[in-house]
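Below: one structure, written as structure tokens.
What follows is calculated from the coordinates using simple rules that are stated; it is not laboratory data. Since the structure is predicted, the reported quantities are computational estimates derived from the model, not experimental observations. Quick reminder, even Gly has a Cβ in these numbers, built from the backbone with ideal geometry, and neighbours come from all protein chains shown.
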Amino acid sequence: QVQLVESGGGLVQAGGSLRLSCAASGRTFSSRAMGWFRQAPGKERESVAAISWSFGNTYYADSVKGRFTISRDKAKNTVYLQMNSLKPEDTAVYYCAAEGSTWYRPTISDFGSWGQGTQVTVSS
């Protein structure tokens, strides 16, 4: 299984920015896709963004389009999520996911490995 270590969460005011990182390690890392999901209190985990590992194709949930950017560094086996113009409704635990079978409109079941999650809190 792939191990994922996330970093970059924290507390930020509305309109601010944060950058999440997710470093992958473990057995030979080969993933068709990696992604970011989030889970707010009392809500189901939802997809935020995903990226195809080979070609860099990206997918974004409608709620974050134009504000969030997902990218990857293949040499470092790391995926990033740049979050700009943050809103209070973006507050959630953000999870990195790997060993994805698809990058387009992914669901939880499309990914085989998960990080421990990092808290993002946006104050109004």
If the only charges are +1 at each Lys and Arg Cβ and -1 at each Asp and Glu Cβ, what is the size of the charge dipole of the stretch 56-124 around the Cα centre, to the nearest 20 debye?
200
Can you give the alpha-carbon Rg of the chain over 2.2 N^0.38 Å, where N counts its residues?
0.97
How large is the charge dipole for the chain, taken about the Cα centre, if only the Cβ atoms of Lys, Arg (+1) and Asp, Glu (-1) carry charge, to the nearest 20 debye?
240
What is the set of long-range amide H partners of Leu86 at a cut-off below 5 Å, with H atoms built 1.01 Å from backbone N?
Gly15, Gly16
12 Å beta-carbon shell around Phe55, net charge (K/R +1, D/E -1):
+3
Under 10 Å from the Cβ of Leu81, count the other residues' Cβ atoms, weight Lys and Arg +1, Asp and Glu -1, and hand me the total.
+1
Summed over the other residues with a beta carbon less than 13 angstrom from that of Gly16, with K and R at +1 and D and E at -1, the charge totals +2
